[in-house]
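Visitor: Can you read through this structure? Questions will come right after.
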Amino acid sequence: MNDVYHMYYEAWARLTHHGGQNGEGEDYVSLQIGHATPIDGVKWDKDPNNPVIPVGDKGEWDEDGTWDPFVIYEDGVFKMWYGGGVGSHCDWGYATSTDGVNFEKKGQISHLGDLEDIHVVHNQMNNKYYLYSWNRKKAPWDKVMDSVPPNPSGLFVYTSDNETDFNFENGHRIQIKGQEWPAKYSHVIREGDEWVMFYGEAVTRGNGSSTGIATSEDLINWEKRAFPITKGHDAEVIKMGENQWYLYYGPYAHFDWPDCDIRLATYSGKLSDLYEK
């Protein structure tokens, strides 16, 4: 909005090395969603109004932590999809804002449980929304982390004609062609005449995950194009100008660790120049 970038992130009120491998434990209920605006793209100012999406009141669906925000700005509205709850009570909610700071919660939109890592794409060509997320019930971690791939993918995409009514009972499981280990942390953009996904390897807390690139024509069937492009996880990408890219990500093997922070990598060139020949 008005050429100002907005960062939305989850932050812990407390975090130890004992928060639990699968979203259980007292650490996770302290998560809330913050907002920041850039000083120069590297340094950011935290919003004094944080958290912009606080935990819900007692008895509300998101009383046990708010996390994994993803925001689209369109039609003069900041549209946020975010997670709430822990473990089997993890689900997705929706909120909107006209200024990027003061959000109005619109309520819970999924009832699946055990969800994480959301990303939403609005495909203007068919006017449908595509919601990508990881479903732990469909891919238990003890199966995913089996030492002998291929392992079950928990990455699913769900579609909707609007921002909230996703068909969560009929999602498409995403398995990237050519990517042996299951993909997670999806971030999808439109670049030229193709869809591009930045993704990481699905790993449990504290294990290393690198980021790669896949492409698709239909947002459902994906093919690996480059892996890895950086060592780190949960990458979000901004196009800063013609062939200029900023990639924000979590450092390698620091997923959910107390010293995890946000890193920045830059790239000059066409994304297709990164593709493996």
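The values are calculated or read from the model by the stated rules, or taken from the named source; none is laboratory data. Keep in mind that this is a model prediction, so the values were computed, not measured. Note that we place each Cβ from the backbone using ideal geometry, even for glycine, and neighbour counts take in every protein chain shown.
Visitor: Look through region 200-245, keep the residues that are out of contact with any strand residue (DSSP E or B) (no Cβ under 7 Å at 6 or more places or on another chain) and among the acidic types (Asp, Glu), and return whichever of them is farthest from residue 130 (Cα to Cα).
Guide: For region 200-245, the residue satisfying everything is 242.
Visitor: Moving on to the next point. Name the pairs: first residue in region 106-131 and of a type in the set (S, T, N, Q), second residue part of a strand (DSSP E or B), Cβ to Cβ under 7 Å, at least 6 apart or on different chains?
Guide: Hits for this filter: 108/91; 108/93; 110/91; 110/92; 123/130.
Visitor: Only residues that are more than 14 Å from residue 120 (Cα to Cα) and either crowded, with 18+ Cβ neighbours inside 10 Å or β-branched (Val, Ile, Thr) (or both): list them for region 152-168, please. Break it down stepwise before answering.
Guide: Restricting attention to region 152-168, the residues satisfying the condition of being more than 14 Å from residue 120 (Cα to Cα) are 152-154.
Within region 152-168, 153, 154 meet the criteria.
Visitor: Which condition number does residue 206 fail, the rest of (1) over 28 Å from residue 31 (Cβ atoms); (2) out of contact with any His (no Cβ under 6 Å at 6 or more places or on another chain); (3) touching a residue at least 40 places away in the same chain (Cβ under 8 Å); (4) exposed (fewer than 15 other Cβ atoms within 10 Å of the Cβ) being met?
Guide: Residue 206 satisfies all of (1) over 28 Å from residue 31 (Cβ atoms); (2) out of contact with any His (no Cβ under 6 Å at 6 or more places or on another chain); (3) touching a residue at least 40 places away in the same chain (Cβ under 8 Å); (4) exposed (fewer than 15 other Cβ atoms within 10 Å of the Cβ) except (1).
Visitor: Report yes if some residue within region 202-212 is of a type outside the set (Ser, Thr, Tyr) and within 23 Å of residue 42 (Cβ to Cβ); otherwise report no.
Guide: Initially, region 202-212 is screened for residues of a type outside the set (Ser, Thr, Tyr), giving 202-203, 205-208, 212.
Keeping just the survivors that are within 23 Å of residue 42 (Cβ to Cβ) gives none.
The answer is no; no qualifying residue exists.
Visitor: Could I ask something else about it? Can you tell me which residues in region 97-132 are of a type in the set (Ser, Thr, Tyr) and not in a strand (DSSP E or B)?
Guide: Keep residues of region 97-132 that are of a type in the set (Ser, Thr, Tyr), which gives 97-98, 110, 129-130, 132.
The answer is 98, 110.
Visitor: Considering only region 133-146, I want to know if a residue exists there that is under 30 Å from residue 50 (Cβ atoms) and either part of a helix (DSSP H, G or I) or aliphatic (A, V, I, L, M) (or both).
Guide: Of all residues in region 133-146, those under 30 Å from residue 50 (Cβ atoms) come to 133-136.
Pick out the ones that are also either part of a helix (DSSP H, G or I) or aliphatic (A, V, I, L, M) (or both) and you get none.
Checked against the condition, which is being under 30 Å from residue 50 (Cβ atoms) and either part of a helix (DSSP H, G or I) or aliphatic (A, V, I, L, M) (or both), region 133-146 yields no hits at all.
Visitor: I need the strands (runs of 3 or more DSSP E) fully contained in region 36-96, keeping only those with at least 2 residues that are at pLDDT 95 or above and among the hydrophobic types (A, V, I, L, M, F, W, C).
Guide: The qualifying strands (runs of 3 or more DSSP E) are 66-74, 77-84.
Visitor: Take the residues of region 175-187 that are within 18 Å of residue 218 (Cα to Cα) and touching a Phe, Trp or Tyr at 6+ places or on another chain (Cβ under 6 Å): which is surrounded by the fewest Cβ atoms within 10 Å (Cβ to Cβ)?
Guide: Applying the filter and picking the extreme gives 187.
Visitor: Going by the structure shown, is residue 137 touching a Leu at 6+ places or on another chain (Cβ under 9 Å), surrounded by fewer than 19 Cβ atoms within 10 Å (Cβ to Cβ) and closer than 28 Å to residue 64 by Cα?
Guide: On the way: touching a Leu at 6+ places or on another chain (Cβ under 9 Å): yes; surrounded by fewer than 19 Cβ atoms within 10 Å (Cβ to Cβ): yes; closer than 28 Å to residue 64 by Cα: yes.
Against the criterion (touching a Leu at 6+ places or on another chain (Cβ under 9 Å), surrounded by fewer than 19 Cβ atoms within 10 Å (Cβ to Cβ) and closer than 28 Å to residue 64 by Cα), residue 137 qualifies.
Visitor: While we're on this one: Within region 100-143, which residues are over 18 Å from the mean Cα position of the chain (by Cα) and of a type in the set (Val, Ile, Thr)?
Guide: 101 - this is the single residue of region 100-143 that is over 18 Å from the mean Cα position of the chain (by Cα) and of a type in the set (Val, Ile, Thr).
Visitor: If I go through region 148-167 residue by residue, how many of them are part of a strand (DSSP E or B), in contact with a helix residue (DSSP H, G or I) (Cβ under 8 Å, 6 or more places away or on another chain) and touching a residue at least 40 places away in the same chain (Cβ under 8 Å)?
Guide: Restricting attention to region 148-167, the residues satisfying the condition of being part of a strand (DSSP E or B) are 155-160.
Add one more test, that the residue is in contact with a helix residue (DSSP H, G or I) (Cβ under 8 Å, 6 or more places away or on another chain), and what stays is 158.
Restricting the remaining residues to those that are touching a residue at least 40 places away in the same chain (Cβ under 8 Å) gives none.
Going through region 148-167 one residue at a time, the tally reaches 0.
Visitor: Suppose we keep only residues that are crowded, with 16+ Cβ neighbours inside 10 Å and acidic (Asp, Glu) within region 230-277. Which one would you say is farthest from residue 120 (Cα to Cα)?
Guide: Among residues in region 230-277 that are crowded, with 16+ Cβ neighbours inside 10 Å and acidic (Asp, Glu), the one farthest from residue 120 (Cα to Cα) is 256.
Visitor: List every residue pair whose Cβ atoms lie under 8 Å apart, where the two residues are 6 or more positions apart in sequence or sit on different chains, the first residue falls within region 212-228 and is in contact (Cβ under 8 Å) with a residue 12 or more places away in the chain and surrounded by fewer than 18 Cβ atoms within 10 Å (Cβ to Cβ), and the second residue, located anywhere, is outside any loop (DSSP other than H, G, I, E, B) and among the polar types (S, T, N, Q).
Guide: Correct list of pairs: 223/215; 223/216; 228/210; 228/211.
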